[in-house]
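To start, the structure itself, in structure tokens.
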Amino acid sequence: MTKRKLRMGMVGGGRDAFIGAVHRMAARLDGEIEIVCGAFSSSAEKSKLTGEDIYLPPERTYGSYNEMYDREKRLPGDVRMDFVSIVTPNFLHFDPAVKALENGFHVVLDKPMTFDLTEALKLKEVVDKTGLLFALTHTYTGYPMIKQAKVMVERGDIGTVRKVHVKYPQGWLTSKLEDSGQKQAEWRTDPKRSGIGGSIGDIGTHAANMAEYISGLKITHLCANVNIVVEGRLLDDDADILVRYENGASGTISASQVLSGSENNISIDVFGEKGGLHWSHEDCNSLYFSQAGQPVNVLRAGVDYAYLSPTALKHCRAPSGHPEGFIEAFANIYLDFAYTLHSKLSGETPDPDYADFPGIEAGVRGMAFIETVVKSGKSDRKWVEFKV
């Protein structure tokens with residue numbers, strides 16, 4: 001692999017943004033990546049101030065992503081950025097991503113991938129054409145015990161999957177917060193910036209991605225009840241979805257942002273013919289493995305637990321009993337991307353355990369999920385085929 005840090009640029013993530021700082025912390029956690037430049041805001045002045053906040057030289061802080069791409073590609077190969085992390089609202093995902101790829105830069109992109117499915121399919125064409133590396137930050141797939149669950153399903157520990165239930169409860173939009181000037185609420189509830197999905201785009205895509213990631217199965221049909229609970233809101237804030245999978249398995253996905261007192265306790269249950277697995281965000285170091293007639297086994301994250309799969313162990317940082325949390329899971333997406341990009345730049349075959357991050361296919365399926373749920377929610381027949 002290349003014997004240097006990878007150089008990252010960033011689009012979005014200015015002073016008043018939440019997720020940009022999370023991305024920067026996650027990217028730097030393992031020492032494989034350094035941020036060298038950025039276009040942090042549509043305001044050149046705000047971008048400049050953010051660059052100062054994170055100690056970038058003024059000449060590497062840009063007023064727009066177009067300026068950044070143009071100037072960075074002209075720099076010597078041992079100076080210019082290797083890839084860009086795009087952390088803007090949904091309607092500003094497509095153009096920065098496409099132009100980054102067309103200018104020769106690899107891409108890490110926040111989810112959901114684009115504004116709509118049409119953009120997603122066009123972006124896939126560009127990724128396929130350029131052959132550049134692309135990652136989508138479905139954070140929860142970065143948790144070691146989620147990776148452990150996937151491995152256990154793959155090796156048949158629970159037998160053929162029969163049921164998958166995912167719940168993602170939030171309560172932060174239980175009132176019309178978007179009218180208070182809260183920036184995150186404003187754009188996430190605005191169809192002009194968020195797209196056609198509210199809760200189903202923001203957190204429902206996480207739930208659907210997790211279901212497919214662990215089970216190894218693709219959703220084929222769904223039946224959705226989609227609600228706007230808070231009066232006057234323009235996008236859904238609550239949804240319950242019946243799901244069918246390609247092997248005949250079934251299940252549910254629930255995504256709501258109006259459950260008062262709830263935080264971010266996404267949870268998943270996967271049941272097979274021989275046993276079941278349970279994981280929740282509030283107890284993210286634990287994976288519960290149950291079998292008929294047997295006591296429940298609790299598998300724990302930790303670098304000193306040899307019973308974990310190699311994939312899970314490669315994504316643990318701390319000894320047993322020490323929490324591995326949200327930043328670490330986010331960092332695992334960047335770690336996997338970094339190691340895979342190191343291998344790509346060196347002409348080597350990536351370690352499959354590190355090449356296990358969400359990519360362009362997951363992004364396209366996420367956008368198809370949003371459109372299919374909306375279609376089902378509006379349909380009298382309800383059951384709708386999920387296809388891309």
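The values are calculated or read from the model by the stated rules, or taken from the named source; none is laboratory data. It should be emphasised that the depicted structure is a prediction, and the values quoted were computed from it without experimental measurement. Note that we place each Cβ from the backbone using ideal geometry, even for glycine, and neighbour counts take in every protein chain shown.
Observations on the model:
- Top-ranked residue in the stretch 153-178 [being of a type in the set (A, V, I, L, M) and part of a helix (DSSP H, G or I); ranked as nearest to ALA255 (Cα to Cα)]: LEU177
- When the stretch 63-82 is filtered for residues that are surrounded by 24 or more Cβ atoms within 10 Å (Cβ to Cβ) and hydrophobic (A, V, I, L, M, F, W, C), the ones remaining, listed by number, are MET68, MET81.
- Spans of helices (runs of 4 or more DSSP H) in the stretch 1-86 with at least 1 residues touching a residue at least 60 places away in the same chain (Cβ under 8 Å) and either aromatic (Phe, Trp, Tyr) or outside the structural domain of GLU186 (by TED's automatic domain parsing) (or both): 19-28, 65-72
- Criterion: modelled with pLDDT of 95 or more, assigned to a loop (DSSP other than H, G, I, E, B) and of a type in the set (Lys, Arg) - qualifying residue of LYS111, LYS150: LYS111
- All of (1) among the aliphatic types (A, V, I, L, M); (2) modelled with pLDDT of 95 or more; (3) farther than 16 Å from PHE105 by Cα; (4) out of contact with any Cys (no Cβ under 7 Å at 6 or more places or on another chain) hold for LEU56 with one exception: (4).
- The number of residues in the stretch 357-388 being surrounded by 21 or more Cβ atoms within 10 Å (Cβ to Cβ) and in a loop (DSSP other than H, G, I, E, B) comes to 3.
- Within the stretch 335-357, residues that are farther than 12 Å from ALA135 by Cβ sit with their Cβ atoms under 6 Å from residues that are of a type in the set (Gly, Ala, Ser) and in a helix (DSSP H, G or I), at 6+ positions apart or across chains, in these pairs: PRO350/SER343.
- Leading residue by the ranking (modelled with the lowest pLDDT) among those in the stretch 307-345 that are buried (at least 16 other Cβ atoms within 10 Å of the Cβ) and not in a helix (DSSP H, G or I): GLU324
- TYR288 vs. criteria surrounded by fewer than 18 Cβ atoms within 10 Å (Cβ to Cβ), at pLDDT 95 or above and among the hydroxyl-bearing types (Ser, Thr, Tyr): yes
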